[in-house]
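One structure is given here, and the rest of the page talks about it.
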Amino acid sequence: MDMEIPVIDLQGLTGDASQRSQTMARLHEACKDWGFFWVDSHGVDAALMEEVKRFVYAHYDEHLKDRFYASDLAKDLQLPAEESKTVSGEVDWETAYFIRHRPANNVADFPEIPPATREMLDAYIGQMVSLAELLAECMSLNLGLDGGLVRDTFTPPFVGTKVAMYPACPRPDLVWGLRAHTDAGGIILLLQDDVVGGLEFFRGDREWVPVGPTKGSRIFVNIGDQLEVMSGGAYRSVLHRVAAVAEGRRLSVATFYNPGADAVVAPAATARQPAAQLYPGPYRFGDYLDYYQGTKFADKAARFQAVKELFGSRIPHD
């Protein structure tokens, strides 16, 4: 079985008609058959990506590392196995924070981030949003929809970044770096470690596929729950998890291009998937997200059904 993750070179989108057609077809197959893929020639400056990684490592070392290893979880896992109270599958071995970028920016909540670094992050996010919008247009067209449907549905989009570090773990047999889940939103763009692995995605009903460290300046992309709903199941969000590692530390900078809280999401009117009628909608994304917070690590199909029952009779209005 070929389990090599697709790599989409987006440069083909600017080529002749044949090159664009081939690139669009490869993107469609990756979305339909995998739900995750790498992108090259994505328009995000490689030097800027390296600046972001340097910031994350330095910020962790100066502000997060000591506090994390002083946490109750870290102390417990350093005890002899017979004395540890940690139960496998109930906690995550990660230290993370979330920066909101759009429509409102909360970087002021992090006074330790200097102005120059904030400007660098703004530039990086601007390029990531452009990439997300390009992918959204291509996905819409590949689904036989208006090219602006995803973007217009999400408007104004919520854009935020989860910055996470997965430090060396004294008992990686007891915990996951992050438990298995699907992402609630739309398009997720991941800048990750180029040395330490640990990320795994579940492909269909087959097996867990390891996502190795980043090669060059590639960006990893995966699909969230809202694109599964909008496509009527043609594209699906995929379970993924992060393994805890005994040595090294893994960096993860995941930027989420999501609907705004008041965005109304539903299967597209032209979605012809037989399963489209099984999906919830119309509903406000904010309502979905509220429900997701308590069910993130639970069964996705059950979550879709619950959202359908909870919000299906509520016709959103302005």
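Remarks
- Kyte-Doolittle at least 0.0, axis length at least 30 Å by Cα - qualifying DSSP helices, the chain: 115-142
- Solvent exposure of region 161-318 amounts to 41 Å² per residue of accessible area, where only protein heavy atoms count and the probe is 1.4 Å.
- Mean residue ellipticity, 222 nm, helices only, the chain: the sum of -39500 (n - 2.57) across DSSP H runs of n ≥ 4, divided by residue count and rounded to 500, is -10000 deg cm²/dmol.
- Rg and Dmax of region 55-124, based on Cα coordinates, read 16.4, 49 Å.
- To the nearest 10, the accessible area of Arg54 is 140 Å² with a 1.4 Å probe.
- Radius, Kirkwood style, for region 63-175 when every pair of distinct Cα atoms is counted (Å): 17.5
- Listed by chain and number, the lysines whose alpha-carbon sits under 30 Å from that of Lys308, ignoring those within fewer than 8 places in the same chain, are Lys32, Lys162, Lys296, Lys300.
- Its relative contact order, with pairs defined as Cα atoms under 8 Å and 6+ residues apart, puts region 14-147 at 31 percent.
- With the convex hull of its Cα atoms as the shape, region 7-270 has an orientation-averaged projected area of 14.8 nm².
- Within the accessible area of the chain, the carbon and sulfur atoms contribute 51%, probe 1.4 Å, all protein chains present.
- With contacts taken as Cα pairs under 8 Å at a separation of at least 6 residues, the chain carries a relative contact order of 19 percent.
- Rounded to the nearest 10 square angstrom, Arg284 shows an accessible area of 70 square angstrom against a 1.4 Å probe.
The values are calculated or read from the model by the stated rules, or taken from the named source; none is laboratory data. Just so it is clear, the structure is predicted and the values come from calculations on it, not from any experiment. For accessibility, only protein heavy atoms count, side chains too; no ligands or nucleic acids. Shrake-Rupley method; radii C 1.70, N 1.55, O 1.52, S 1.80 Å.
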